Amino acid sequence: MGEHTEDQEHGAEPAREPLTAARARELTAGLREAMDDVRRSVAVLAARVRDAHAARVWLPLGHGSWEAYCRAEFGISRAQAYRLLDVARSLAAIHDAVTAGPQPSRTRDTDPGAAAALDYGLSQRALIAVSGRTDVVAEIITRRLAALAHSGLKALHPATVRAVVRQAVRDVRAAPPPAPVEPPADPAVAALRAVVDDLAACSHQLGELMLEVAPAYLSDTEAADVLALLCDEIGETVENGLAARRYALTGDRRALAGTVL
């Protein structure tokens with residue numbers, strides 16, 4: 001028998017011809033298109049799930065519940081059936097926040113089923129992850145779109161809206177859910193908490209002012225150049241101005257760490 005190389009003994013595939021940059025770009029474009037198709041299908045699925053559940057589609061088909069309907073018609077488990085509802089509710093909340101914006105946008109559509117046509121580039125996993133905090137996601141989206149509109153943009157481009165939505169979902173997924181807040185028994189602690197709340201509220205107002213001058217689409221570095229004169233005029237440091245701007249964008253008090261808090 002002939003000699004075998006070490007690669008052959010381990011079942012390694014024969015060497016392939018080097019991949020050209022043009023072919024690599026072609027493969028990458030195909031992957032990107034496939035991923036976009038999957039994300040768009042999530043939006044379509046979510047809209048149809050929402051409509052089917054709202055219509056109680058299982059009743060005329062003789063099923064006792066949504067769970068039983070999904071199991072019989074699609075062969076999916078109870079957990080999967082309710083995850084579909086989580087996806088639908090999350091996407092509906094996001095769509096409502098986008099279409100309720102203060103400025104006209106090409107993303108607005110009067111068709112109730114328009115959410116199916118929108119592609120925010122969100123995976124099912126991302127939508128499920130924020131399903132319990134859709135109110136927070138919607139509030140962040142509304143606030144950031146309003147800040148962009150107030151910055152002077154006459155219309156929000158779909159790509160801008162998409163970026164705002166994706167960032168809001170990422171921020172909520174990254175932030176731990178807030179712990180239940182109970183009134184402190186100690187009056188001194190309660191008074192201190194009230195002071196902190198007042199400082200945070202003032203910082204948020206300052207941040208909104210900063211956003212009017214340095215819109216949300218500017219990086220911190222770009223915003224610092226724009227805000228330098230304003231901060232000097234109001235007697236505030238640029239660092240504090242940027243921190244307040246980040247707080248106005250995110251609603252996360254950790255953005256104020258090292259400044260007023």
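The values are calculated or read from the model by the stated rules, or taken from the named source; none is laboratory data. Here the structure is a predicted model, which is why all the values come from computation and not from measurement. Cβ placement follows ideal geometry from the backbone for every residue including glycine, while neighbour counts extend to all protein chains displayed.
Tabulated values for the structure
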{"quantity": "Tally, over region 15-44, of residues that are modelled with pLDDT of 85 or more and of a type in the set (A, V, I, L, M)", "calculated": "6"}
{"quantity": "Residues within region 119-144 that are buried (at least 22 other Cβ atoms within 10 Å of the Cβ) and either of a type in the set (K, R) or at pLDDT below 85 (or both), tallied", "calculated": "3"}
{"quantity": "Unique match (being modelled with pLDDT under 80 and either in the same structural domain as I94 (by TED's automatic domain parsing) or surrounded by 10 or more Cβ atoms within 10 Å (Cβ to Cβ) (or both)) among A12, A52, A47", "calculated": "A12"}
{"quantity": "Subset tally (residues that are part of a loop (DSSP other than H, G, I, E, B), more than 24 Å from R173 (Cβ to Cβ) and either in contact (Cβ under 8 Å) with a residue 24 or more places away in the chain or in contact with a helix residue (DSSP H, G or I) (Cβ under 7 Å, 6 or more places away or on another chain) (or both)) for region 219-261", "calculated": "4"}
